[in-house]
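> Here it is: the structure, laid out below.
The values are calculated or read from the model by the stated rules, or taken from the named source; none is laboratory data. Treat the numbers as computed from the prediction; the structure is a model and nothing was measured. Ideal geometry is used to build each Cβ from the backbone, glycine not excepted, and the neighbour counts take in all protein chains shown.
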Amino acid sequence: MASRAVAALPAYQIALWPDGWVLGASGEVTVRDTHAMAEARRWYALADRAAAAPCMDRTMRLYGTFVPRPIVALAGQRFLSESVASVALQLVAGDWITQRRQQLLAAPDEAIRTRRLGWTGSRHTVDLDAEAVAACVMQAMADCLREGLIPTTGYDLKVRPDDGFGIRGYRCVVTLGLEDDACGRVREALQTALVPWNRAVVRDGAAHPLVQIEVRGRGEAARRRSD
């Protein structure tokens, strides 16, 4: 069944597998970065700086990071329909899409499992910046406090951009006046409250939320000050 499902996938989904597209309510398709696309963009940028473009494709294939430049360049592009998206992507990388489908068909169950790992919250936007993330976390804190999901306490919030894997994410460090054993519950409540604004990117066979919450209590904060 999985092999039939993969064989029937439209070309644009094969090219952007596993989570590089958003299908709109009217059938439009918006291309967004996958981890592989973001990683390939970094390789291409390095090649351009080092004047090594002619041999970069071969090197990327060797390391398993190859995604055609025209596919990478489509991030942010919107197509009117799935059929238009498929035609456009086949025009710029048809042979690679055929090869990519064969790769997915070699392990169809794993391909479907990987696709299901990623998710996108209903309020997530690609232009989320540090200020917007901080506002979301503060709203989540207020909601959790009001609902009694976390203890009443003051807190300090720091939002740090994280570009380590190409797709920009944010690490939100919340320091509050609680014992360390309560911090895990606070983190879980906040991470859940942020789901509508978050996106989990598939990387190395696992889902990685772009907005990550780290909660530090009294003990950890004191240890960090003493180090």
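> What pairs come out if I take residues in the stretch 113-142 that are farther than 15 Å from ARG203 by Cβ and pair them with residues that are of a type outside the set (D, E, K, R) and exposed (fewer than 14 other Cβ atoms within 10 Å of the Cβ) whose C-beta lies under 7 Å away, six or more apart or interchain?
Note: pairs meeting the criteria are GLY121/PRO196; SER122/PRO196; ARG123/PRO196; ALA130/PRO161.
> Restricted to the stretch 190-199, and to residues that are crowded, with 19+ Cβ neighbours inside 10 Å and in contact with a strand residue (DSSP E or B) (Cβ under 9 Å, 6 or more places away or on another chain), which residue is nearest to ALA142 (Cα to Cα)?
LEU190
> Can I ask one more? Give the stretch 12-42 a look and list any residue that's among the hydrophobic types (A, V, I, L, M, F, W, C) and either surrounded by fewer than 18 Cβ atoms within 10 Å (Cβ to Cβ) or over 26 Å from GLU110 (Cα atoms) (or both), or say none.
Matches in the stretch 12-42: VAL22, LEU23, ALA25.
> Condition first: more than 15 Å from VAL22 (Cα to Cα), among the β-branched types (Val, Ile, Thr) and over 22 Å from the mean Cα position of the chain (by Cα). Now tell me which residues in the stretch 68-96 satisfy that.
Within the stretch 68-96, VAL87, VAL92 qualify.
> Out of (1) under 30 Å from ARG69 (Cα atoms); (2) surrounded by fewer than 17 Cβ atoms within 10 Å (Cβ to Cβ); (3) at pLDDT below 90, the odd one out for LEU91 is which?
LEU91 satisfies all of (1) under 30 Å from ARG69 (Cα atoms); (2) surrounded by fewer than 17 Cβ atoms within 10 Å (Cβ to Cβ); (3) at pLDDT below 90 except (3).
> Return the total of residues in the stretch 150-197 being of a type in the set (S, T, N, Q) and in contact with a Ser or Thr (Cβ under 8 Å, 6 or more places away or on another chain). Break it down stepwise before answering.
Residues of the stretch 150-197 that are of a type in the set (S, T, N, Q), as a first pass: 152-153, 175, 191-192.
Filter again for in contact with a Ser or Thr (Cβ under 8 Å, 6 or more places away or on another chain), leaving none.
Number satisfying all stated conditions: 0.
> Is there a residue being modelled with pLDDT under 95 and within 17 Å of GLY94 (Cα to Cα) anywhere in the stretch 41-58?
Yes, that holds for at least one residue.
> Okay, moving on. Just to be sure before I move on: is THR175 in a loop (DSSP other than H, G, I, E, B) and of a type in the set (Ser, Thr, Tyr) in the structure I sent?
no
> Right, something else. Could we say that GLY20 is at pLDDT 95 or above, small (Gly, Ala, Ser), under 15 Å from ILE167 (Cα atoms) and assigned by TED's automatic domain parsing to the domain that holds ILE112 here? Break it down stepwise before answering.
Working: at pLDDT 95 or above: yes; small (Gly, Ala, Ser): yes; under 15 Å from ILE167 (Cα atoms): yes; assigned by TED's automatic domain parsing to the domain that holds ILE112: yes.
Yes: the conditions hold for GLY20.
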